[in-house]
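All remarks here apply to the structure that follows.
Every read-out reported here was derived from the displayed coordinates using simple, explicitly stated rules and does not represent laboratory data. What you see is a predicted model, and the numbers here were worked out from it, not measured in a lab.
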Amino acid sequence: MHDTKERLSLFWIFALLNYLYADVIALFAIVDSPNLADAPHLPRWALLGSAVLMEMPIAMIVASRLLPFRSNRLANIIVGAFLTLINAFLTFVPPLVGARTPALPEYLFFATIETVCTSVIVWQAWTWSAVEPAVSSERIVGNPETGLPVG
């Protein structure tokens, strides 16, 4: 796969699936808690914020394939950097400053994968040039008499 648009779209699908499954695991942990009254109740603004954050990788799957080079590259850098910073900040900074977080080990596992993936997206977009290497479509044609390749 040499097409950068395809590669970026695939990375966004991978990141999105990790975001979603990490949230499913977190929901299992909440539902499985001994006292559901102690479960976190998020205000509507937090739910709206998480919906906007999830819409970004969803939209980037399509945008990576359809946008022209310049806007595609810029969108991948901006959205990838934004999601990398948000994810890294929300996951890794609170424990470093001594804040008690409900982060589960499996959630930290997914967060690490997500952060690496969006960092790779930013790197791929940053190093992407307008000139893509052509995929070799040459076929070796054999000599019908000898069966050996020609040229």
**Request:** Calculate one ³J(HN,Hα) per residue across segment 52-68 by plugging θ = phi - 60° into the Karplus curve 6.51 cos²θ - 1.76 cosθ + 1.60, and present them in order as whole Hz with x for glycine and proline.
**Result:** 5, 4, 6, 5, 4, x, 4, 5, 5, 4, 6, 4, 4, 8, 9, 5, x
**Prompt:** Gain in length, residue 62 to residue 6, computed as 0.36 nm per residue apart minus the alpha-carbon separation, to one decimal in nm?
**Reply:** 19.2 nm
**Complete:** Here the gain from full extension of residue 28 to residue 51, 0.36 nm per residue of separation minus their alpha-carbon distance, amounts to 6.4 nm
**Message:** Could you compute Rg(Cα) / (2.2 N^0.38 Å) for segment 5-116, with N its residue count?
**Reply:** 1.19
**Request:** Using the Karplus curve 6.51 cos²θ - 1.76 cosθ + 1.60 with θ = phi - 60°, work out ³J(HN,Hα) for each residue of segment 24-29 in order, rounded to whole Hz, and write x for Gly and Pro.
**Result:** 5, 4, 4, 5, 4, 5
